[in-house]
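Bear in mind that the values in this text are calculations on the coordinates, not laboratory data. What you are looking at is a predicted structure, and each value in this text was computed from that prediction instead of being measured. Backbone-built Cβ (ideal geometry, glycine too); neighbour counts: all protein chains shown.
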Ligand code: NAI
């Protein structure tokens, strides 16, 4: 079997360090799928990326068939089958949203263009670098020859956080919980929805107090990233890498029967989310494609929260449109 080429941007960063070893060990695609890794970094970080590559060598992973390290997006995405776009420009103190979007446009626009020109026909893109949903939209717009559905953004970490919080509350195992959903943006406006989540055949929202759902669960999931920074002095890295592994693994290999997961994918207009917006939905993966779970009833409480988060995504889209980034 020819190796699958996986390109990781921001490879020398902390998520990169937690991610590359798991890809090389077979956890991204499967224990029988050989991979080559392409590490894209900015020039000053190439040396650090080389250090990580030395450690990858030292693991003697049977599935790892090659590593390349480069600061050229054209080279990094040449023939790529999977692209994990992790490197991004963080928001620094006093930075306005427009400045942040523009700085990231300068990264995700050229990377989208390089993917368009050089990636393999089956390329799948997961954007992790924040603001992830809108960065994915920017990359997608720069890659008109790649099917739009191949550009996705990560809300799987939020999904996993929601599973873990609910499992702790109900004193059950995360495997007892099915059909968790994160709606909207990977930001503090995201909406973790327990109204369709099942635990032992019952709806989760009916197993917890209303006040816990509103005042503890939703804010705790949405603000978990900030709590990790506060505790660790650095942002989530291993858990973010783990979620990226989960997202791509399920995209390629399918989601289990009778369950679904959450991913930010281009909207087809389902649930009133404007077409084209890259928003988180309840999704299943079949035959290597994400599909939005249809037919869920959305009550007023959920509607308000989905609309608020999607409204933020629409504002971000309009802002990058005004900056001619899409
Ligand atoms: P980090 O700062 O440790 O690493 C980022 C790396 O990206 C650095 O090595 C930097 O040199 C590199 N980089 C910057 N511009 C680049 C470019 N144009 N091309 C290639 N590489 C470039 O950051 P960390 O902790 O690894 O986080 C990465 C991103 O992931 C951040 O934007 C963070 O906000 C986001 N994130 C997203 C999560 C999600 O759930 N969607 C969860 C956690 C983090």
Legend entry - Relative packing of 102-110, 203-211, 163-171, which averages over residues the other C-beta atoms within 10 Å, highest first: 102-110, 163-171, 203-211
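Using the Cα gyration tensor of the stretch 156-316, with a ≥ b ≥ c the square roots of its eigenvalues, what is the shape: rounded (a/c below 1.5), prolate (a/b larger than b/c) or oblate (neither)?
Numbers: a/c = 1.14, a/b = 1.12, b/c = 1.02.
Rounded is the answer for the stretch 156-316, as its axis ratio a/c remains below 1.5.
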Inset, instruction - Note down the nm distance, to one decimal, between modelled labels 7 Å out along Cα→Cβ at residue 92 and at residue 57. - result: 3.4 nm
Inset, instruction - In whole Å, largest first, what are the principal axis extents of the Cα atoms in the stretch 105-207? - result: 50, 27, 18
Inset, instruction - Could you let me know the centre-to-centre spacing of the stretch 233-302 and the stretch 120-143, using Cα atoms, in angstrom? - result: 15 Å
Inset, instruction - Report Rg(Cα)/(2.2 N^0.38 Å) for the chain, keeping two decimals. - result: 0.96
Legend entry - Expected 222 nm ellipticity per residue - DSSP helices of 4 or more, -39500 (n - 2.57), all of the chain, to 500: -12500 deg cm²/dmol
Inset, instruction - Compute the whole-percent fraction of alpha carbon pairs in the stretch 232-326 spaced more than 21 Å apart. - result: 46 percent
Inset, instruction - May I ask you to compute the full-extension gain from residue 168 to residue 206, defined as 0.36 nm times their residue separation minus their alpha-carbon distance, rounded to one decimal in nm? - result: 12.1 nm
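Shape call for the stretch 4-153 from the C-alpha gyration tensor, a ≥ b ≥ c root eigenvalues: rounded (a/c under 1.5), prolate (a/b greater than b/c) or oblate?
Oblate shape, in that a/c is at least 1.5 and b/c is the bigger or equal ratio.
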Inset, instruction - Could you calculate the FRET efficiency of residue 238 with residue 286 from 1/(1 + (r/R0)^6), where r is the beta carbon distance between them and R0 is 22 Å, rounded to 0.05? - result: 0.15
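In nm, what is the difference between 0.36 nm times the number of residues separating residue 50 and residue 122 and their Cα-Cα distance? Intermediate values should be presented prior to the final figure.
Numbers: separation 72, 0.36 × 72 = 25.92 nm, distance 2.78 nm.
Once the chain is fully extended between residue 50 and residue 122, it gains 23.1 nm.
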Legend entry - Label point distance in nm, residue 1-residue 268, each placed 7 Å from Cα along Cα→Cβ: 2.8 nm
Inset, instruction - Working from Cα positions, state the angle (0 to 90°, nearest 10) between the long axis of helix 97-118 and the longest principal axis of the chain. - result: 60 degrees
Legend entry - Cα long-axis angle, helix 14-24 against the chain (0 to 90 degrees, to the nearest 10): 80 degrees
Legend entry - Burial order of peptide ranges 287-296, 309-318 (average beta-carbon count within 10 Å, highest first): 309-318, 287-296
Inset, instruction - Note down the nm distance, to one decimal, between modelled labels 7 Å out along Cα→Cβ at residue 323 and at residue 294. - result: 3.6 nm
Legend entry - Degrees between helix 46-58 axis and first principal axis of the chain (Cα, 0 to 90, nearest 10): 90 degrees
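Between residue 74 and residue 33, what FRET efficiency comes out of the Förster formula 1/(1 + (r/R0)^6) with R0 = 22 Å and r the beta carbon distance, rounded to 0.05?
Details: r = 25 Å, r/R0 = 1.15.
Between residue 33 and residue 74 the formula returns 0.30.
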